[in-house]
Amino acid sequence: MHDDVLVNAVDIARLADVGRAAVSNWRKRFDDFPQPVGGTASSPAFSLAEVEQWLRKHDRYVEVAPLERLWQRLRSSTDDLRLGEVVADAGAVLLGEKTDLGRALVEQIQEVGQAEGTVAAFDGICERYVDLHSRRLLATPSEVARLMVAIGATSGGAVLDPSCGIGTLLLESEGSQVFGQELNETTARLADIRLRLRGYRVRIEVGDSLRADGFAGTQADAVMCNPPFNERSWGYDELTSDPRWEFGLPPRGESELAWVQHCLAHVRPGGLVVIMMPGTAAGRRPGRRVRGNLLRAGVLRSIISLFSGATPASSGAPDLWVLRKPEPGDEPPSEVLMVDAGEDTALAERAWRAFDRGDELPGNSRVVRIIDLLDDEVDLTTSHRVAVQEPSSGFTVMSDRLSASMKALAPPKLASRPRRDLAMTTIGELARAGVVAVMQGPVKLPDEGDLPVLTAKDLLLNRAPSGRIGDSPGLVRIEAGDVVAPLLAGSGAVPRVMDRAGAVLGPQLLLFRADPERLDPHFLAGCLRAGGAAGARTGSAVRLDSRRAPLPRLAIEEQRRYGEAFRQLLAFEDSARALREISDNLVAAGIDGLLDGSLTPE
């Protein structure tokens, strides 16, 4: 029996392979859904045995894997404050070490370790632990970690991460010896166990790297770091005369520049530092002196802009700074690489490799002269220096792109049938039934900050969120699967299903969050597009009245069929719009080329 094992709504959603909204709706719709037996009002806990029984009764049961059952037992064995220690103890058991865990739990851990493999078992436990405490642990996304170690050429060398967390960067490094320091003792222990399970030679120190350096005098072949951002109490007062500040005392509000110089103090001459930085650190006025000194010394070699969410330390789009400590006698370089990579981490790596070898750079990257950066601002913001290079630049390339786009442009196949009258409902009725929630973006946004904002223009152009604001109460956070629509009909923007979470809903936008078990998001987006005229006139614009938007009453399976057709139609519309833009640019490039002599009639 497992009556002592408790689960929350997120756990239930994972067990049943549904979204969290579905679990919330089950609680509202079914009187026999298990009652909470613990937790809090905002995060209730349920008996796993009772939940399993209910899922079986309603034909929604998915067999609980041994690893999942072990995780739930680990969670139920302690409170959340000590859960990290219990997770670390589970790792110690997998390493064959003694712990204070009960015999039955130790045997269950050993059984899962034998069945899954010790590394896979502990990775699975750690993944669930990180999901539960994501706001505190701030693990670097795996694709970003792989990019950082690839640029840093860490394989086979001694690697240091002075803000190692649970060891994500060190795990990817393939270093012959790895060093890490972490402020939290439990987190440091998790990093140590994860690395030892994979056979690394590892030394992890506990403490504040800036105030109590655990590796004073140590120099590694490469230093990787994803430090905390915007730390006001990083030690400015007590570290004013620290010898690490070779390039200038970091301003009180520029803790990241302290981390940069700490990393440089721990890398050997000729070695690389790859460090995550907030995008604002490239242009903030107080840090211009340190940035200028890094450039003059030839230490700063590249700024690579990534995508929003590339680091959990900030919801904004961060940068990677690549720095190389000069060897004695090196001539200072005269150029730096700037890359606007966005989500294309492969582009970032290609650009760095090409720059390092002196080869031709790929698109969205540019070599900038250091002398051109050393003005009063020393602004290193990549978007100010790198014009995004569309592959359509140039008549020949655009001509090829036009041909390829025309071949790929095809509407979905829809079969003709006799017209039928469908029973209809409205968004208002569905909202009252708890099937969908409707939210509106703020009228006025807070001051500028690091939070990404989806604007009405972003929705129109089908691009990533471009706005930035500071955090404040009442903001609407977008989740994957949400449908966002323009508040004003006739704006040119169309409803779209969001595929990425984390951004804030901007002004003049509506957000529809549906229970995916009862309302398909793509079906909803298509119906909103069709019902866009349902609105109330406000001056010269028509304001969408979401409550009146009509939808056919269809079973969820049929909704999904219709939703896929709607998705294909809207994708076709985007492709057709892009084709028109290519055609316009092709004509302009052809006329310009004929007049400037770069093209000639055949």
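The values are calculated or read from the model by the stated rules, or taken from the named source; none is laboratory data. Predicted model only: the values in this text are computed from it and were never measured. Every residue, glycine as well, gets a Cβ built from its backbone with ideal geometry; the counts of neighbours run over all protein chains shown.
Looking across 104, 139, 121, one residue alone is within 26 Å of residue 81 (Cα to Cα), within 24 Å of the chain's Cα centre (by Cα) and of a type outside the set (Asp, Glu). It is 139. Scanning region 490-546 for residues that are at pLDDT below 85, assigned to a strand (DSSP E or B) and not charged (D, E, K, R) returns 535, 536, 538, 541, 542, 544. Within the option set 13, 21, being among the small types (Gly, Ala, Ser) and touching an Asp or Glu at 6+ places or on another chain (Cβ under 7 Å) holds for one residue only, 21. Where helices (runs of 4 or more DSSP H) fall entirely within region 343-438, those with at least 2 residues that are at pLDDT below 85, touching a Pro at 6+ places or on another chain (Cβ under 9 Å) and farther than 30 Å from residue 511 by Cβ are at 395-408. The residues of region 244-263 that are in contact with an Asp or Glu (Cβ under 7 Å, 6 or more places away or on another chain) and either over 21 Å from residue 370 (Cβ atoms) or of a type outside the set (S, T, N, Q) (or both) amount to a single one, 255.
Would you confirm, using the coordinates I've provided, whether residue 257 is farther than 25 Å from residue 155 by Cβ and modelled with pLDDT of 95 or more? Criteria met by residue 257. If you go through region 88-107 and keep only what is assigned to a helix (DSSP H, G or I), more than 16 Å from residue 6 (Cβ to Cβ) and not charged (D, E, K, R), you end up with 88, 90, 91, 92, 93, 94, 104, 106.
Of all residue pairs spaced 6 or more apart or on separate chains, those with beta-carbon atoms under 6 Å, a first member in region 55-77 that is over 14 Å from residue 111 (Cβ atoms) and a second member that is at pLDDT below 85 and part of a loop (DSSP other than H, G, I, E, B) are 55/61; 62/17; 72/5; 76/4; 76/5.
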